[in-house]
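The values are calculated or read from the model by the stated rules, or taken from the named source; none is laboratory data. Predicted, not measured: the structure shown is a model, and the values here were computed from it. For neighbour counting, all protein chains shown are included, and Cβ atoms are generated from backbone atoms with ideal geometry for every residue, glycine included.
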Amino acid sequence: MIEEPKAEYRSGIGTDVHRIVEGRKLMLGGVYVPYPAGLAGHSDGDVGLHAVIDALLGASGMGDIGTLFPDTDPRWKNIDSKELLYIVKEQLEKKQWEVVNIDLIIHADKPKLEPVKGQIKRCIAGLLGIDFTAVNVKAKTNEGLGDIGTGEAMAATAITLLRKKPKRTL
Ligand code: MG
C-alpha cells in the first residue's frame, strides 16, 4: 500500500518591544497610525511586524530577526519593516513553507488601535500573499501598568503556523 505523503506543520512565536519617542512616525503592523510620537529603532521600529517576522523565522527554523537583519548593518537603517517581512516571505517560499495563519497582539495603552486593526490585517495578509482571514490582529492595553501602561513603550506578541506541502513522489 502506498502511503500518502503528509504535510509538515510547524508553529512559531515572536515578541518585541520598542520605546516610544517623539519625532518618529508610528508604524504598527505595516500601517501608519496618526499619533504624536513613534517607536525608536534601527529600522522603522514596527513592533508588530517584528513580532510577526520572529514568529515566522521561529516556525521555519531560520533563527531570529537580529541574525537576519543586524542593527549594525546600515542597509537596515530606517528601513520600512514591510520590506523585511517581504524578504522573510521569499525565504519561506524558497523552503516551500506556506503560512497557515498568524495571530498578532499589539500591546499599547494609546492610541486606540480598533480603527486600524482591519488595515493591519490586510497589510500583513497582502505582503504574505495569504487570505485576509488567515491573519488576526488584537490590541490590548496594559491597564496603566508598567512601561506600556505609562506610554513609554509598545510591545507585540505573534504566533504563526506554517505548513510544508508534501513532496509528490511516484
Ligand atoms: Mg524590533
- Which of the helices (runs of 4 or more DSSP H) contained wholly in the range 1-110 include at least 3 residues that are in contact with a helix residue (DSSP H, G or I) (Cβ under 7 Å, 6 or more places away or on another chain)? 47-60, 81-94
- With D46, D16 as the choices, which residue is charged (D, E, K, R) and either under 14 Å from I159 (Cα atoms) or touching a Lys or Arg at 6+ places or on another chain (Cβ under 6 Å) (or both)? D16
- Please find, within the range 25-47, the residue that is surrounded by the fewest Cβ atoms within 10 Å (Cβ to Cβ) out of those that are within 13 Å of the ligand (Cβ to nearest atom) and not small (G, A, S). H42
- Given A139, A108, A153, which one is modelled with pLDDT of 95 or more, of a type in the set (G, A, S), crowded, with 17+ Cβ neighbours inside 10 Å and touching a Ser or Thr at 6+ places or on another chain (Cβ under 8 Å)? A108
- Message: Just to be sure I understand, how many residues within the range 48-71 are within 12 Å of the ligand (Cβ to nearest atom) and surrounded by 18 or more Cβ atoms within 10 Å (Cβ to Cβ)?
- Response: 9
